[in-house]
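Enquirer: Let me give you the structure first, and then I'll get to my questions.
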Amino acid sequence: MNKLTIACSVMAALLIIDSGQIADAQNQSPANCPYSETEWRETKLFMGLSRSGGAAVSRREWDQFVADHFVAGFPNGFTIVETTGYWRDENTEATVYENGKQVIILHEATPDSEVMINEIAEKYRSRFDQQSVLISSSSTRVRFCTKP
């Protein structure tokens, strides 16, 4: 065995050991940041701010809807992001854009939370004359970092 072969073998072994240590470290969390043992979901609602007739949902109307439905339904919190969305109008088949909001909710995966999200989406669609509200949902792992 020549020196190059030995050096390459040692380097490969070190990389394997190092990779394992990195993977172990990524799967562990500090004592004050434990992963939740409960199943969680990350749900995003994409909500347009233009009514079918062209009028916009006002800031006051949006704020009232958030207070009545999101705050009431998910008092532990959520995030709202300003968006500009592009979508195909089912009536004209044109691709249009509009300003909107994306509401991101991290919540425990329960039937009640799924029902609440669907009800909120339908109320928004109906109240503000939307063709649809897009809901995207996926499983996620969460951990809350707290004071030790």
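Enquirer: Which of (1) open to solvent by 40 Å² or more (accessible area, probe 1.4 Å); (2) under 14 Å from the mean Cα position of the chain (by Cα) is the odd one out, the single condition residue 118 does not satisfy?
Expert: Of the numbered conditions (1) open to solvent by 40 Å² or more (accessible area, probe 1.4 Å); (2) under 14 Å from the mean Cα position of the chain (by Cα), the odd one out for residue 118 is (2).
Enquirer: Considering only segment 3-12, I want to know if a residue exists there that is open to solvent by less than 70 Å² (accessible area, probe 1.4 Å) and either at pLDDT 95 or above or of a type outside the set (Gly, Ala, Ser) (or both).
Expert: First pass over segment 3-12, keeping only residues open to solvent by less than 70 Å² (accessible area, probe 1.4 Å): 5, 7, 9, 12.
Then keep just the ones that are either at pLDDT 95 or above or of a type outside the set (Gly, Ala, Ser) (or both); that gives 5.
Scanning segment 3-12 turns up at least one residue that is open to solvent by less than 70 Å² (accessible area, probe 1.4 Å) and either at pLDDT 95 or above or of a type outside the set (Gly, Ala, Ser) (or both).
Enquirer: List pairs: first in segment 67-78 and outside any helix (DSSP H, G or I), second of a type outside the set (Ser, Thr, Tyr) and at pLDDT 95 or above, Cβ under 6 Å, 6+ apart or cross-chain?
Expert: Taking only residues 6 or more apart or on different chains, the pairs are 74/105; 78/70; 78/103; 78/105.
Enquirer: To continue, here is another question. Take residue 86 and decide whether it is assigned to a strand (DSSP E or B) and more than 20 Å from residue 43 (Cα to Cα).
Expert: Working: assigned to a strand (DSSP E or B): yes; more than 20 Å from residue 43 (Cα to Cα): no.
The answer is no for residue 86.
Enquirer: Condition first: of a type in the set (A, V, I, L, M, F, W, C) and surrounded by 13 or more Cβ atoms within 10 Å (Cβ to Cβ). Now tell me which residues in segment 133-148 satisfy that. Talk me through it step by step, then tell me what you get.
Expert: Taking segment 133-148 first, the residues of a type in the set (A, V, I, L, M, F, W, C) are 133-135, 142, 144-145.
Passing the criteria: 133, 134, 135, 142.
Enquirer: Same structure, new question: Failed condition for residue 84, given (1) of a type outside the set (Asp, Glu); (2) under 14 Å from residue 127 (Cβ atoms); (3) surrounded by fewer than 11 Cβ atoms within 10 Å (Cβ to Cβ); (4) touching a strand residue (DSSP E or B) at 6+ places or on another chain (Cβ under 8 Å), with all others met?
Expert: With respect to (1) of a type outside the set (Asp, Glu); (2) under 14 Å from residue 127 (Cβ atoms); (3) surrounded by fewer than 11 Cβ atoms within 10 Å (Cβ to Cβ); (4) touching a strand residue (DSSP E or B) at 6+ places or on another chain (Cβ under 8 Å), residue 84 is out only on (2).
The values are calculated or read from the model by the stated rules, or taken from the named source; none is laboratory data. Because the structure is predicted, anything quoted here is derived from the model rather than measured. Please note: Cβ atoms are built from the backbone with ideal geometry, for glycine as well, and neighbour counts cover all protein chains shown. Just the protein is used for accessible areas: all its heavy atoms, side chains included, with ligands, DNA and RNA removed. Shrake-Rupley method; radii C 1.70, N 1.55, O 1.52, S 1.80 Å.
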